[in-house]
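The values are calculated or read from the model by the stated rules, or taken from the named source; none is laboratory data. Treat the numbers as computed from the prediction; the structure is a model and nothing was measured. Glycine also receives a Cβ, built like all others from the backbone with ideal geometry; neighbour counts cover every protein chain displayed. Just so you know, the surface numbers come from the protein's heavy atoms only, side chains and all, with ligands and any DNA or RNA stripped out. Shrake-Rupley method; radii C 1.70, N 1.55, O 1.52, S 1.80 Å.
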Amino acid sequence: MSTIAAGLGKRKAAQRLVDLAAYVLLGIGGIIMAVPFLWMLATSLKPDGELYSYPPEWIGSRLAWENYRIIFEEAHLIRGFFNTMIVVVPTLVIGLFVCAMAAYAFAKLRFPGRDKLFLVLIGTMVVPGAVMMIPAFIMFKTFGWTDSWKPLMIPGMFGAPIVIFFLRQFIKTLPDELEDAAKIDGMSPPGIFLRIVIPLTKPALITQGILSFNAGYNDYLGPLIYLNSPERYTLQLELASFSSYYVTEWTLVMAGAVVALIPTLVLFAFAQRFFIEGIALTGIKA
Amino acid sequence: MEAEVAADVKTRTAKRKRSALFRSEMRWGYLFIAPPFIGVAVFTLYPLLNSLYMSLTNFNFGQPAAFIGLDNYKRALADDPLVWKTLWNTFYAALGVPLGMIVALGAALLLDRKLRGRNFFRMLFFLPTICSVVALAMVWRWIFNADYGLLNYYLGVIGIDAPAWLIDQTWAMPAMIIQGIWGGIGVSIIMYLAALGNVPTSLYEAATVDGANAWQKFIHITVPGISPVTFFILITSLIGALQDFPRFQLLTGGGPNYSTTTIVYYLYTVAFQYSEMGYASALAWFLGVIIMTIIVLNFAFSKRWVHYN
């Protein structure tokens, strides 16, 4: 009896030791993950002149909040933010609606060739984005769309195969009974889509909406390729051009970086679940 | 008799009704899926085919394009050493993929222990993946700074005479790999966590009964059990790594001496700094073929080590 108890105790102790080791490793990993963010914040609050103190100081003689005032004066961050919103939000709303429509058709409507067409659409995802960079630029330039927001907005409004794929998975799991009842009541596919499918698909739409918003907000390559006039710069492009101009003014550059991260961090704080779900689902089910 | 006729009429009207309904459903179906197909045709297929033609010309927006056959491809393969150098750099940078996967699996195994605070750590590891590449590149440029950087200070504290990282030809790419792992493991961790949760616990229990130790269980149960996810992460990360470039542009500008210019970065330079759109189109197709080949090879090879149950 006592030997069993001792054995159990031993195992528990061993288990606790493993847990402790796990904590130590996670702690080291966590510090490595957190330090760049903290260093960004710390640098952004350093007074001018204390930047190059060596050994590096985490906190200067005072918190230099004026760095934030200066970057709002020197860089057009607010204009950049609104430009980003103009580019991202309409594209997102229309694109998501279009994707949901297609996903509903692929999941529930019956028409010849449906599943083959779906595979064709999904198949187009194999074209790597980097390969599209030059061809798309040549086309948009011949359209006369360069130095405008159009190349950043219009393609997204036609939907994205990956989003359609994700939404179709979700809509397929909705019970057919509601739809059948609506059909008996004489509701046509658009009515069913708007009044039944959209409300039931809300969680998936929110997930995809958040992921697309964040991707659009962070997009740097698109604006870099297409925008030339500073007054059209999105926030990320504004920030990059500011930092290439003020290369060594690290306090200001870091303040800009902090400002640019705030919307993402706020979104993440409120919608962490959606971010992680979206990643896990598209990952596992693809 | 009468009843039969009535029934017959009933089924016929029902059929007609059903076929009308079916036709309406069909029309709406095609209408609903039309926008993405139009989008793919206009914004993917057309430019892709157009650029295939452009790759056979010396197009540069300035003068009318002249057809020059395969000259661009010849130039890329035989006369332009930067193509091979940047391709080599790209594969070098892609070393970060397997390294990052190992780190991610390790972190996922730790997080799978259901410790208190695991959500906090999971969030912390995930955070960089949702942050702006511009902002992250800026802070890493500062951290890697040769004279005042945080990294070299702490390495100095533990007695390591650290290199100048981003401005050192030998160390710029390792620095980029480190930065890439830091910025990219979050997604892999989340996928691995989901995969670890899906390995049947009964397998582990059976192995325990058979006297297997933790390492044996890991090698014979966990690794095969999560192999589909490993494969998925490998493919998606590899595709991403082969196209990686904005963070290189922001952190090193491709230097020093092209040591961190990836193939896509080079493509970008040819197109937007030298305006050689014909040649850039050829490079884009060249890159596309390479990426496709790697994907196909991976799928072919995967049958040997990926276990679907």
Practice problem: For region B:209-264, please list each of the helices (runs of 4 or more DSSP H) lying entirely inside it that holds at least 2 residues being β-branched (Val, Ile, Thr) and open to solvent by 40 Å² or more (accessible area, probe 1.4 Å). | Solution: B:227-242
Quiz item: Any chance region A:170-178 includes a residue that's within 30 Å of A:Gly256 (Cα to Cα) and in contact with a Ser or Thr (Cβ under 7 Å, 6 or more places away or on another chain)?
Solution: no
Quiz item: Which of the residues that make up region A:158-186 are open to solvent by 40 Å² or more (accessible area, probe 1.4 Å) and closer than 30 Å to B:Phe61 by Cβ?
Solution: A:Phe158
Self-check item: Residue that is farthest from B:Pro246 (Cα to Cα), among those in region A:241-259 that are open to solvent by less than 10 Å² (accessible area, probe 1.4 Å) and free of Cβ contacts under 8 Å to residues at least 60 places away in the same chain
Solution: A:Val253
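Let's see how each residue does on (1) within 8 Å of chain A (Cβ to nearest Cβ); (2) more than 28 Å from A:Leu96 (Cβ to Cβ); (3) within 32 Å of the chain's Cα centre (by Cα); (4) at pLDDT below 85:
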{"residue": "B:Ala20", "(1), (2), (3), (4)": "no, yes, no, yes"}
{"residue": "B:Glu25", "(1), (2), (3), (4)": "yes, no, no, no"}
{"residue": "B:Ile33", "(1), (2), (3), (4)": "yes, no, yes, no"}
{"residue": "B:Phe37", "(1), (2), (3), (4)": "yes, no, yes, no"}
{"residue": "B:Tyr46", "(1), (2), (3), (4)": "yes, no, yes, no"}
{"residue": "B:Asn50", "(1), (2), (3), (4)": "yes, yes, yes, no"}
{"residue": "B:Thr57", "(1), (2), (3), (4)": "no, yes, yes, no"}
{"residue": "B:Ile68", "(1), (2), (3), (4)": "no, yes, no, no"}
{"residue": "B:Tyr73", "(1), (2), (3), (4)": "no, yes, yes, no"}
Quiz prompt | region A:71-99, residues that are open to solvent by less than 50 Å² (accessible area, probe 1.4 Å) and either under 19 Å from A:Glu249 (Cβ atoms) or outside the structural domain of A:Leu205 (by TED's automatic domain parsing) (or both) | solution = A:Ile71, A:Ala75, A:Leu77, A:Gly80
Quiz item: Can you spot a residue in region A:53-63 that is open to solvent by 50 Å² or more (accessible area, probe 1.4 Å), of a type in the set (D, E, K, R) and in the same structural domain as A:Ser243 (by TED's automatic domain parsing)?
Solution: no
Practice problem: Taking the residues in region B:75-122 that are within 23 Å of A:Met33 (Cα to Cα) and charged (D, E, K, R) as candidates, determine which candidate is modelled with the lowest pLDDT. | Solution: B:Lys114
Quiz item: How about region A:132-192: which helices (runs of 4 or more DSSP H) wholly inside it have at least 3 residues that are touching a residue at least 12 places away in the same chain (Cβ under 8 Å) and away from chain B (no Cβ under 12 Å)?
Solution: A:161-172, A:176-184
Quiz item: Can you tell me which of B:Gly149, B:Gly156 is closer than 23 Å to A:Pro56 by Cβ and either outside the structural domain of B:Ile233 (by TED's automatic domain parsing) or open to solvent by 30 Å² or more (accessible area, probe 1.4 Å) (or both)?
Solution: B:Gly156
Quiz item: What residue, among those in region A:82-106 that are out of contact with any Gly (no Cβ under 7 Å at 6 or more places or on another chain) and either modelled with pLDDT under 95 or within 8 Å of chain B (Cβ to nearest Cβ) (or both), is farthest from B:Phe37 (Cα to Cα)?
Solution: A:Tyr104
Quiz item: Taking B:Tyr204, is it within 8 Å of chain A (Cβ to nearest Cβ), at pLDDT 90 or above and not in a loop (DSSP other than H, G, I, E, B)?
Solution: no
Exercise. Could you list all residues from region A:223-252 that are of a type in the set (Ser, Thr, Tyr), farther than 20 Å from A:Leu45 by Cα and not in a helix (DSSP H, G or I)?
Key: A:Ser229, A:Tyr233, A:Thr234
Self-check item: Subset of region B:113-139 (residues that are over 19 Å from the mean Cα position of the chain (by Cα), of a type outside the set (A, V, I, L, M) and either surrounded by fewer than 19 Cβ atoms within 10 Å (Cβ to Cβ) or facing chain A (nearest Cβ under 7 Å) (or both))
Solution: B:Arg113, B:Lys114, B:Arg116, B:Gly117, B:Arg118, B:Asn119, B:Phe120, B:Phe121
Exercise. Please find, among A:Val197, A:Val163, the residue that is β-branched (Val, Ile, Thr), modelled with pLDDT of 90 or more and under 30 Å from B:Leu49 (Cα atoms).
Key: A:Val163
Quiz item: Has region A:30-42 got at least one residue that is part of a loop (DSSP other than H, G, I, E, B) and open to solvent by less than 90 Å² (accessible area, probe 1.4 Å)?
Solution: no
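Looking only at region B:265-287, count how many residues are without any contact (Cβ under 8 Å) to a residue 60 or more places away in the chain and open to solvent by less than 10 Å² (accessible area, probe 1.4 Å).
5
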Self-check item: Top-ranked residue in region B:140-167 [being among the small types (Gly, Ala, Ser), under 33 Å from the mean Cα position of the chain (by Cα) and over 16 Å from A:Thr43 (Cβ atoms); ranked as farthest from the other protein chains (Cβ to nearest Cβ)]
Solution: B:Ala164
